[in-house]
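Since the structure comes first, as structure tokens, the remarks are kept for the end.
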Amino acid sequence: MTSINKPESESSTRDEHTFDGITFEVEEEEQTHEGQKVKRRGIYLWPNLITTAALLSGFYSIIASMNGDFTQAIYAIFLAALLDGLDGRVARAIGAQSAFGEQYDSLSDLLAFGVAPAILMYSWSLHDLGRIGLACCFVYTACAAFRLARFNVQIGVVDKRYFIGVASPLAAILIITMVWVGRDFPAIFDLREVGIQIINAVLIVAVGLLMISNIKYYSFKTLDRKRVPFAVLPIAVFIFAAITYNIPVGILVISIIYALSGFVTTFIARKNNPI
């Protein structure tokens, strides 16, 4: 009985591709503290569950917008923004960061902050503009996709203190608070007027372009474990008090101020580091 020696390349290839038939497994290559690269199966549960909850919130917002329930759609996107800020912190806290989690988080962000706000704005205001309104909403969604893709390839390259372009959650909050304020003040924002519809179309395109711009925005990531002057706390209390007077207007004003702050930050950075 003769034995057939299989080529080494064939056996090594079989070792690398161990998944046969239908599988729901994930295999990732990770680097240990000793610098060695190892392959591990499975995913981290808690960060990905939070990301899934954010994905569900974005999906529910789309359904609510299509059904004309704009208030529920707004709340769902707000919940997705809160969950998006939580999953990364949980992953870092328990040492559960992974490439799968990063990509999954980006896909969830695209739905919750790229697609859902665009459908909300189209269903609420821009559908009367026909194809123009549809095109403006698509521009916003495409810009969100470009921004997330650029963020993924720039991880570990850019300064963590700044976002390059408006972050997609903030862009979504700008859109939904505009809808929220418009619903609270229908006499001022009369959607039957073509001028108001055109303003909304211009605003959603402008927010989309801010996402893919090279404007620098402070990320606040360095404040997680950093001491700040005591005077910051009373200022934050006054800001929260002002927001509670009219929550949608307060959030919209703060979001606009932050969006405009990027121009100041970029100007100062270029002035201190001229090319």
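The values are calculated or read from the model by the stated rules, or taken from the named source; none is laboratory data. Bear in mind the structure is a predicted one, so any value in this text is a computation, not a measurement. Each accessible area value is taken on the protein alone, full model and side chains, heavy atoms only, with ligands, DNA and RNA left out. Shrake-Rupley method; radii C 1.70, N 1.55, O 1.52, S 1.80 Å.
Values computed for the structure shown
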{"quantity": "Overall dimensions of region 112-210 by Cα: Rg and Dmax, Å", "calculated": "14.5, 48"}
{"quantity": "Kirkwood hydrodynamic radius of region 65-107, from inverse mean 1/r over distinct Cα pairs, in Å", "calculated": "11.9 Å"}
{"quantity": "Relative contact order %, region 132-274, counting alpha carbon pairs below 8 Å whose residues are six or more apart", "calculated": "36 percent"}
{"quantity": "Kirkwood-type radius of region 54-170, with distances r between different C-alpha atoms, in Å", "calculated": "14.9 Å"}
{"quantity": "Solvent accessible area, Å² - C136, 1.4 Å probe, full protein context", "calculated": "20 Å²"}
{"quantity": "Rounded to the nearest 10 Å², the accessible area of T244 at probe 1.4 Å", "calculated": "100 Å²"}
{"quantity": "Cα gyration tensor shape of region 179-245, rounded if a/c is under 1.5, else prolate or oblate by comparing a/b with b/c", "calculated": "oblate"}
